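Participant: Pasting a structure here, questions to come.
The values are calculated or read from the model by the stated rules, or taken from the named source; none is laboratory data. Not measured: the values here are computed from a predicted model. In this analysis, Cβ positions are derived from the backbone assuming ideal geometry, glycine residues included, and neighbour counts consider all displayed protein chains.
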C-alpha cells in the first residue's frame with residue numbers, strides 16, 4: 001500500500017511537469033504557421049540571424065571559457081593571497097541582469113561614455129565602435145564568465161596531485177603535463193562548461209538589445225517579434241530553433257562521458273614557488289576585478305551625479321526620479337516573485353530530488369529525473385512564450401503565480417542537481433534500514449535528510465532567489481504592467497533613454513542580491529553539520 | 001510445533017530443534033535472468049546459519065527476499081509456521097544489519113538505537129531503557145553521545161547491531177558482517193557475534209563470501225552458486241563430505257590451501273576446522 005502511495009505521488013509530479021513543461025512546449029510547435037516559415041526562409045533573414053548568432057556566441061563562449069579557465073588556474077595553481085575574496089568578486093556579474101552588462105558598457109564606452117570622454121581628452125576624436133560584435137562579445141563575456149568560472153574552479157579543486165608527481169618523475173614538461181594530465185582530467189567539466197556557457201549566451205537577448213547595434217540575433221529577433229509586434233508565430237519558429245540547438249547541446253553534454261581518473265588516493269595539488277607566475281596571476285586577477293568593477297562604479301556614479309556629463313555635482317535627483325518612475329513598486333514585485341519562487345521552488349524541487357535520489361530506479365523515477373534535467377535545456381524565452389500560448393485564456397494568466405511557476409520550471413535543473421547530488425551521497429541502505437525498522441519515508445525525510453542537507457537547501461534558495469532577481473527571459477512575455485519585476489524595467493527604460501534610471505536599477509538589484517549572498521554566508525557559518533560531533 | 005533432528009556445529013550433540021524459518025521454492029528473475037532457482041531450506045530456532053557464495057550467486061537477493069526488501073517471483077516463507085512472504089519488512093519480526101551499517105549520520109549512538117523504538121510508539125522511557133540496555137550489553141555505554149562519524153568501523157557495526165537487537169526481532173540477518181572490518185577488528189567481531197548470539201538467543205542468518213568466516217561462526221553453512229543451493233550442512237560435514245565438485249573446489253580445497261598460512265599467521269589453530277586425514 002505504502003509503495004502504491006509513493007508511486008501515486010511520483011505520477012502526480014510527472015503530471016505537474018507535463019502540464020508545466022511538456023504541454024506548453026508542444027503548444028509552441030502547434031503555433032507555427034508554414035507560411036511564416038516560408039517567409040522567413042525566403043527573405044534570407046533567418047540564415048543571416050543564425051549566422052550572426054552562432055559566430056558571436058561562439059567567439060564569446062571561447063573567450064569566456066578561456067578567461068574562466070585562466071582565473072581558475074590563477075586561484076588554484078598559484079600562490080596568491082585573498083583567493084576567497086577573488087573568487088567571490090569574480091561572481092559578482094551574476095548578480096545583475098544580462099541587459100545591465102549592455103547598459104554598463106554603454107555608460108563606459110558609448111558615444112558619450114565615461115571612458116570615451118576621458119580618453120577623448122588625451123586622444124582627440126577617440127571613439128570606440130561599441131555597437132555590434134564588439135559590444136556583444138564584451139557584454140556576453142562579462143555576463144557568462146562567472147558561470148564558467150564556478151564550474152571550472154570546482155573541478156580544479158578535485159585534481160589529484162599524484163599524477164603530476166609521477167609526471168615530474170618521468171620528466172614531462174609543463175606543457176606536456178597540461179596536455180596529458182590536466183586537459184583529460186578537466187575534459188568533462190570543460191565540455192559541460194562550454195555547452196552551458198554557449199546556451200546561456202545563445203538564448204540571451206539582453207546584451208544585444210542594448211549593444212547589438214544593427215546585428216540581429218535569433219533571441220533578440222524572437223523578443224522583438226513577440227513583445228514588440230505580438231507575432232507569436234514568428235516567435236515560435238525562432239523559439240523552436242533555439243530549443244533544438246539548446247537540446248542538441250544538452251544531449252551532447254549528456255553523452256559526454258566521465259573519463260577522469262578514478263584513483264582512490266588523491267592528494268591535494270601542491271603549488272610550487274614561482275614568483276613571476278604569481279605576479280602574473282595577481283595582475284590577471286586584479287585586472288579582471290577592475291573590469292568587473294568599472295560598470296558597477298559607472299552605475300553608482302551615474303546614480304549620484306546631477307546630470308552626466310553636463311553637471312557632475314552630487315545629487316540624489318536621479319534616485320528620486322527613479323522612485324518616481326515606480327522603482328519601489330517594481331522592486332516589491334521582484335522581491336515577492338523571487339521569495340515566492342525560492343520558497344515554492346525549494347519545496348517542489350527538493351521533494352522531487354528526494355523521490356528520484358532515494359527510491360528504487362523504476363520507470364517513474366527515471367522519467368522524473370529526465371524531465372527535471374531537461375528544463376536545463378529549455379531557453380527561458382522559449383519557456384515564457386510557451387506559457388503565453390498555453391495559459392493565455394486561463395485565470396492563471398497575468399497573476400504573480402504564473403511568474404512563480406515559470407521561474408520554478410526555468411530554474412529547476414540546477415537546484416535539482418544540488419539536492420539530487422547531496423541526497424545521493426547518503427548510504428544506499430538507509431531506506432532498507434528504515435523499511436525494516438518501520439520508519440516511514442516521510443519521517444526519514446524530516447528526521448534524517450532535512451537536518452543533514454540544510455546547507456544544500458540554503459544554497460538552493462539563494463540560487464533561485466538571485467536568478468529570479470536578474471531574470472529577464474521567461475518572465476518577459478508573461479509579466480504585465482502591474483506585476484512586472486524590476487529587471488524588466490531596464491529594457492523598457494533603456495528604450496526611453498532613461499539611462500540614469502537603468503543604472504540605478506542595476507545597482508538596486510546588485511544590492512539586494514549582495515545582501516542575499518551575505519545572509520547566506522552568515523547563515524551557513526551558523527548552520528553546523530549535524531553529522532559532526534556535538535560540542 | 002514441527003520438530004526435526006539435525007546436526008549442529010562441530011562437537012555438538014544431535015538434538016531436537018524447532019524450525020524457526022521455512023523457505024520454500026523461492027524463485028527470482030531479473031529481466032529474464034534467473035537469480036534464484038527454486039530455493040528451499042529450513043532454519044532452526046537459535047541457529048547461526050551462514051550463506052556462503054561468491055558475489056553474484058544470489059545470496060544477497062535471497063537475504064533481501066527473506067526480510068521483504070525484495071519480492072520473490074515464486075515461493076513462500078514461513079516463520080513459526082505462519083506465512084510471512086506477503087508482509088512488509090517491518091512486520092516480519094526480523095532485523096537486518098548491513099555491511100555498511102547505514103547508521104543515521106545526524107544522530108548520536110543513543111538516538112540511532114532509540115529512534116525506531118520511539119517511532120514504534122513506545123514511550124520515551126521504555127525506548128530509552130531498551131536502547132541503554134542493549135548498548136550496554138554490546139559494550140557501547142561510553143560512546144552514547146558520539147556521532148557515527150566519530151566511531152571506528154567495529155563500533156559502528158555494534159551500533160547497527162544494537163539498533164536491530166533493540167527491536168527484539170526473532171531473526172537477525174547480517175550482510176557480510178566481517179568483510180568491511182580491518183584484520184584486528186575481524187577477530188574481535190567474530191568472537192562478539194558468537195557471544196551476542198548466545199546472549200540474546202536469536203536466530204541469525206548471515207551471508208559471506210569468505211569460507212573461514214562461515215566455518216568459524218556458523219552452526220550450519222549453505223553453499224550457494226548461480227542461484228542454487230550446492231550443499232547445506234554443518235561445517236564438519238561439508239568439510240568431510242563435500243556434496244559435489246563445486247563445494248570441494250570452492251570450500252575444501254580453498255581451506256586446505258589456506259590452512260598452512262593460517263596456522264603460521266594467526267596462531268589460532270583451535271578455531272579452524274580439523275583437517276581431514
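Participant: Among the residues of the stretch B:49-60, what is the count of those that are part of a helix (DSSP H, G or I) and more than 14 Å from chain A (Cβ to nearest Cβ)?
Facilitator: Within the stretch B:49-60, residues that are part of a helix (DSSP H, G or I) and more than 14 Å from chain A (Cβ to nearest Cβ) number 1.
Participant: Out of the residues in the stretch A:433-442 that are touching a helix residue (DSSP H, G or I) at 6+ places or on another chain (Cβ under 6 Å) and not in a loop (DSSP other than H, G, I, E, B), which is farthest from the other protein chains (Cβ to nearest Cβ)? I'd like the intermediate steps shown before the answer.
Facilitator: Initially, the stretch A:433-442 is screened for residues touching a helix residue (DSSP H, G or I) at 6+ places or on another chain (Cβ under 6 Å), giving A:434-439.
Within this subset, residues satisfying the condition of being not in a loop (DSSP other than H, G, I, E, B) are A:434-437.
Values: A:434: 8, A:435: 5, A:436: 4, A:437: 4 Å.
For the stretch A:433-442, the residue satisfying everything is A:434.
Participant: Another question, if that's okay. Restricting attention to the stretch A:484-527, and to residues there that are part of a loop (DSSP other than H, G, I, E, B) and touching a helix residue (DSSP H, G or I) at 6+ places or on another chain (Cβ under 9 Å), which single residue is nearest to residue A:456 (Cα to Cα)?
Facilitator: Initial filter on the stretch A:484-527 (part of a loop (DSSP other than H, G, I, E, B)): A:484-485, A:496-498, A:527.
Okay, now just the ones that are also touching a helix residue (DSSP H, G or I) at 6+ places or on another chain (Cβ under 9 Å), so A:484-485, A:498, A:527.
On the way: A:484: 30, A:485: 27, A:498: 40, A:527: 11 Å.
Among those that are part of a loop (DSSP other than H, G, I, E, B) and touching a helix residue (DSSP H, G or I) at 6+ places or on another chain (Cβ under 9 Å), it is A:527.
Participant: So, one more: Looking only at helices (runs of 4 or more DSSP H) that lie completely in the stretch A:91-180, which have at least 2 residues being over 24 Å from residue A:496 (Cβ atoms)?
Facilitator: Qualifying helices (runs of 4 or more DSSP H): A:114-122, A:133-157, A:162-170, A:174-177.
Participant: If we scan the stretch A:187-197, do we find a residue that is at pLDDT 85 or above, part of a helix (DSSP H, G or I) and within 13 Å of residue A:53 (Cα to Cα)?
Facilitator: No, every residue in the stretch A:187-197 fails to be at pLDDT 85 or above, part of a helix (DSSP H, G or I) and within 13 Å of residue A:53 (Cα to Cα).
Participant: Report the residue count in the stretch B:77-96 for those that are touching a strand residue (DSSP E or B) at 6+ places or on another chain (Cβ under 9 Å) and at the interface with chain A (Cβ under 9 Å from one of its Cβ atoms).
Facilitator: Within the stretch B:77-96, residues that are touching a strand residue (DSSP E or B) at 6+ places or on another chain (Cβ under 9 Å) and at the interface with chain A (Cβ under 9 Å from one of its Cβ atoms) number 5.
Participant: Among helices (runs of 4 or more DSSP H) lying entirely in the stretch B:98-193, which contain 1 or more residues that are at the interface with chain A (Cβ under 8 Å from one of its Cβ atoms) and either touching a helix residue (DSSP H, G or I) at 6+ places or on another chain (Cβ under 6 Å) or crowded, with 17+ Cβ neighbours inside 10 Å (or both)?
Facilitator: B:109-119, B:153-166
Participant: Return the total of residues in the stretch A:378-432 being within 17 Å of residue A:472 (Cα to Cα) and in a helix (DSSP H, G or I).
Facilitator: 20
Participant: Can you tell me which residue among A:386, A:359 is in contact (Cβ under 8 Å) with a residue 60 or more places away in the chain and surrounded by 20 or more Cβ atoms within 10 Å (Cβ to Cβ)?
Facilitator: Details: A:359 fails: surrounded by 20 or more Cβ atoms within 10 Å (Cβ to Cβ).
Result: A:386 is the single residue among A:386, A:359 that is in contact (Cβ under 8 Å) with a residue 60 or more places away in the chain and surrounded by 20 or more Cβ atoms within 10 Å (Cβ to Cβ).
Participant: Which one is farthest from residue B:33 (Cα to Cα), of the residues in the stretch B:61-76 that are more than 12 Å from chain A (Cβ to nearest Cβ) and part of a helix (DSSP H, G or I)?
Facilitator: Step by step, filter the stretch B:61-76, then rank; the result is B:65.
Participant: Being free of Cβ contacts under 8 Å to residues at least 60 places away in the same chain and within 14 Å of chain B (Cβ to nearest Cβ) is the filter here, so list the residues in the stretch A:504-535 that pass it.
Facilitator: A:528, A:532, A:533, A:534, A:535
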